Amino acid sequence: MVKRLFNISLSNSFFLFGPRGSGKTTWLREHPGLHGATWINLLDAAVEDRYARNPSHLIDEILQSHPPWVVIDEIQKVPRLLDAVHHLIETTDTRFALTGSSARKLKRGAANLLAGRAFVYHLFPLTAREYGDAFDLTHALAWGTLPKLLQLTTDDDKQDFLRAYSLTYLKEEVWSEQLIRQLDPFRRFLTVAAQMNGKILNYHRIATDIDVDTKTVQAYFSILADTLLGDFLEPYHRSVRKQQRQAPKFYFFDTGVKRALEGTLTQIVLPQTYGFGESFEHWVLLEIMRHNAYGKRDFRLYYLRTKDDAEIDLILDRPGQPVALIEIKSTEQVRPSDVATLQRFLPDFPHADAYCLSRDPRPQRIGHVTCLPWDQGLTAIGL
């Protein structure tokens, strides 16, 4: 069994958000502090229907049994239940663990996530540290790190699982929740969005490609973020002498799911290819995002690209520490040319730390840039 880095406090009710299949339910069932909890699974259609028709059933049941903990799985299925949960938190000693794979309906229907009366945590697919010695970078780039993959031994099974995952997302998170009016344009959008992973978004061009308007594309990306399928990486917002591009990038939450959505699961991810480099950058960025959340570092993540296409892959605004400028390279041998862009930008960030994270196993210093193997680099930047 994989030991997760994720941890929570049981001193208070909490939300646990995470994409489907990231291990939320398994983690809660195995937590010793939640043994004996009352479970309500809203993925069960009959259970969902019962509470959707009358959310006050929850109040009646809890007042009769007085359980110390109640776990409500996929709370976004019945957002009105949060009113009952709110009441019970205020009037009883029962605490609640509320899981969700989408914040969209909660934001609309229950507004303020219980006004701070419940902590908020996030769970992600597995990190390299959670895999430990069993971690295989090439496997992670090709298939991602959803926990279910640990049970699958053949490439065919992994492909089938990731394709089914993508279809389940369309069916359960988007179509059944009535987040869109037409499924076909959104299906086309998912393929294009996956192909645009990690690239600066051009909403107008995507809209033209899938034959919808620009506002619809912007709404589609908001759906992806709200249903935890990915997140935006915003452009750096502080003044830099060179003119900057202003549109965000979007990164899917898992490298395998991204490949499933763009239809490239049958293509081998080979080192020293452009696709491998893109996947490696994607993976390292996901590791940084996950450890930032788990470690409660509150680092703010940005990218920077100028009008002449000079780019810093990642800028970390670290509270109480110098800004970190990060270049991500999939090479096994870092050369001065690989950090030339970082060197060029350093005068604009006179107190910054500069890093190049790569597959090169040899730590070295090139000019003012610290070059490290990517896993050691995570530790060096404070994760």
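The values are calculated or read from the model by the stated rules, or taken from the named source; none is laboratory data. Since the model is a prediction, treat every value here as computed from it, not as a measurement. Note that we place each Cβ from the backbone using ideal geometry, even for glycine, and neighbour counts take in every protein chain shown.
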Original post:
Before we move on, is Ala310 surrounded by fewer than 19 Cβ atoms within 10 Å (Cβ to Cβ), at pLDDT below 95 and either in contact with a His (Cβ under 8 Å, 6 or more places away or on another chain) or at negative phi (or both)?
Top reply: yes
Subject >> Restricting the range 41-57 to residues that are over 31 Å from the mean Cα position of the chain (by Cα) and either under 22 Å from Lys24 (Cα atoms) or of a type in the set (Lys, Arg) (or both), the residue that is surrounded by the most Cβ atoms within 10 Å (Cβ to Cβ) >> reply: Arg50
Subject >> Test result for Leu126, surrounded by 14 or more Cβ atoms within 10 Å (Cβ to Cβ), free of Cβ contacts under 8 Å to residues at least 40 places away in the same chain and either in contact with a Lys or Arg (Cβ under 9 Å, 6 or more places away or on another chain) or among the small types (Gly, Ala, Ser) (or both) >> reply: no
Original post:
Within the range 204-219, is even one residue of a type in the set (Ser, Thr, Tyr) and touching a residue at least 40 places away in the same chain (Cβ under 8 Å)?
Top reply: no
Original post:
Within the range 251-258, is even one residue of a type in the set (S, T, N, Q) and in a strand (DSSP E or B)?
Top reply: no
**OP:** Identify all residues within the range 254-280 that are over 23 Å from Gly21 (Cα atoms), out of contact with any Leu (no Cβ under 8 Å at 6 or more places or on another chain) and not aliphatic (A, V, I, L, M); write none if there are none.
**Re:** Gln267, Pro271, Gln272, Thr273, Tyr274, Gly275, Gly277, Glu278
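Each row is one residue, and each column tells you yes or no for (1) under 13 Å from the mean Cα position of the chain (by Cα); (2) at positive phi; (3) surrounded by 15 or more Cβ atoms within 10 Å (Cβ to Cβ).
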site	(1), (2), (3)
Ala207	no, no, yes
Lys249	no, no, yes
Asp254	yes, no, yes
Leu261	no, no, yes
Tyr274	no, no, no
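Please determine, by comparing only the residues of the range 350-367 that are free of Cβ contacts under 8 Å to residues at least 40 places away in the same chain and in contact with a strand residue (DSSP E or B) (Cβ under 6 Å, 6 or more places away or on another chain), which one is nearest to His282 (Cα to Cα). Reasoning before the result, please.
We begin by selecting, within the range 350-367, every residue free of Cβ contacts under 8 Å to residues at least 40 places away in the same chain; these are 350-356, 358, 360-367.
Subset that is in contact with a strand residue (DSSP E or B) (Cβ under 6 Å, 6 or more places away or on another chain): 352-356, 361, 363-364.
On the way: Ala352: 23, Asp353: 21, Ala354: 19, Tyr355: 17, Cys356: 15, Pro361: 19, Pro363: 22, Gln364: 23 Å.
My answer is Cys356.
Condition check ((1) touching a Gly at 6+ places or on another chain (Cβ under 7 Å); (2) under 16 Å from Tyr236 (Cα atoms); (3) part of a strand (DSSP E or B); (4) among the acidic types (Asp, Glu)) across all residues:
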{"position": "Pro319", "(1), (2), (3), (4)": "no, yes, no, no"}
{"position": "Ile326", "(1), (2), (3), (4)": "no, yes, yes, no"}
{"position": "Asp338", "(1), (2), (3), (4)": "no, no, no, yes"}
{"position": "Leu372", "(1), (2), (3), (4)": "no, no, yes, no"}
**OP:** From Thr145, Thr94, grab the single residue that is under 22 Å from the mean Cα position of the chain (by Cα) and of a type in the set (Val, Ile, Thr).
**Re:** Thr145
Original post:
Only one of (1) out of contact with any strand residue (DSSP E or B) (no Cβ under 9 Å at 6 or more places or on another chain); (2) part of a loop (DSSP other than H, G, I, E, B); (3) surrounded by 19 or more Cβ atoms within 10 Å (Cβ to Cβ) fails for Phe6. Which number is that?
Top reply: (1)
Subject >> Leu43 farther than 21 Å from Ile89 by Cα and aliphatic (A, V, I, L, M) >> reply: yes
Original post:
Being under 30 Å from Ser279 (Cα atoms), modelled with pLDDT of 95 or more and of a type in the set (Gly, Ala, Ser), is that true of even one residue in the range 128-140?
Top reply: yes
Original post:
Within the set of pairs 6 or more residues apart or between chains, which connect a residue that is aromatic (Phe, Trp, Tyr) and surrounded by fewer than 12 Cβ atoms within 10 Å (Cβ to Cβ) inside the range 166-186 to a residue that is at pLDDT 80 or above and assigned to a helix (DSSP H, G or I) with Cβ atoms less than 9 Å apart?
Top reply: none
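Among the listed residues Thr255, Thr214, identify the single one that is at pLDDT 95 or above, among the β-branched types (Val, Ile, Thr), in the same structural domain as Gln159 (by TED's automatic domain parsing) and over 19 Å from Tyr169 (Cα atoms).
Details: Thr255 fails: over 19 Å from Tyr169 (Cα atoms).
That would be Thr214, the only listed residue that is at pLDDT 95 or above, among the β-branched types (Val, Ile, Thr), in the same structural domain as Gln159 (by TED's automatic domain parsing) and over 19 Å from Tyr169 (Cα atoms).
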